[in-house]
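Report on the structure given below.
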Amino acid sequence: MTSRLDALARRVEDDPAFMASVLAIYARSERMDDAALARALGCSQDQLASLRLCFRPRSDPAHFRRDVEEIATHFGLEPRVLAAIVRRADSLARFQPRRGASPRSFEREAAAKRAALLAARDREEASDHMEPAAREEPGDRGEPPPDAPTPP
């Protein structure tokens, strides 16, 4: 029975709707085999196939915690560990090439993502160095913007 579940779990590794995808991304990033992955999760290797076939937790905060706790409870896992693995895999998945993408399109996509991260970092660093008053927009303290017409 386990070999059939394993085979099915391997078939859904590329489907982000399943935990198989999450666990595959995480295990690859950490260079883990199934034994190491099971140890990191705190479960037996025999449980991995069933865990992989679960739907992944929904990403919205209202459901994420509940979904993680439900999966963790069912498999006897630590919810914080499972949540960290899911979040790590989600972060890593954002930087993986899309399936079937050409190396050239992957390079362009990766460059765009790096540029977006650098721009966000620059914007964050710039706001950290500004005086509090300089960060306020006109009108934040109740005064009209400088170019607003004055009332008669």
If a paramagnetic tag sat 7 Å from the Cα of F95 along the Cα-Cβ line, which residues of region 19-35 would have the backbone N under 18 Å from that point? 22-32
Once Lys and Arg are counted +1 and Asp and Glu -1 for all other residues with Cβ under 13 Å from that of E70, the total becomes +2
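Please work out whether region 2-93 counts as rounded, prolate or oblate from its C-alpha gyration tensor, where a ≥ b ≥ c are the square roots of the eigenvalues and a/c under 1.5 means rounded, while otherwise a/b larger than b/c means prolate and anything else oblate? Intermediate results must be reported in sequence, preceding the final value.
Details: a/c = 1.35, a/b = 1.28, b/c = 1.05.
Rounded shape, in that the Cα axes give a/c under 1.5.
Beyond 13 Å, what share of the Cα-Cα pairs of region 32-85 is found? Please give it as a whole percent. Don't skip to the answer; put the middle values down first.
Numbers: 809 of 1431 pairs.
So the pairs more than 13 Å apart make up 57 percent of the total in region 32-85.
Taken together, the values in this text are just the output of simple stated rules run on the coordinates, not laboratory data. Just so we're clear, the structure is a prediction, and the values are computed from it rather than from any experiment. Glycine also receives a Cβ, built like all others from the backbone with ideal geometry; neighbour counts cover every protein chain displayed.
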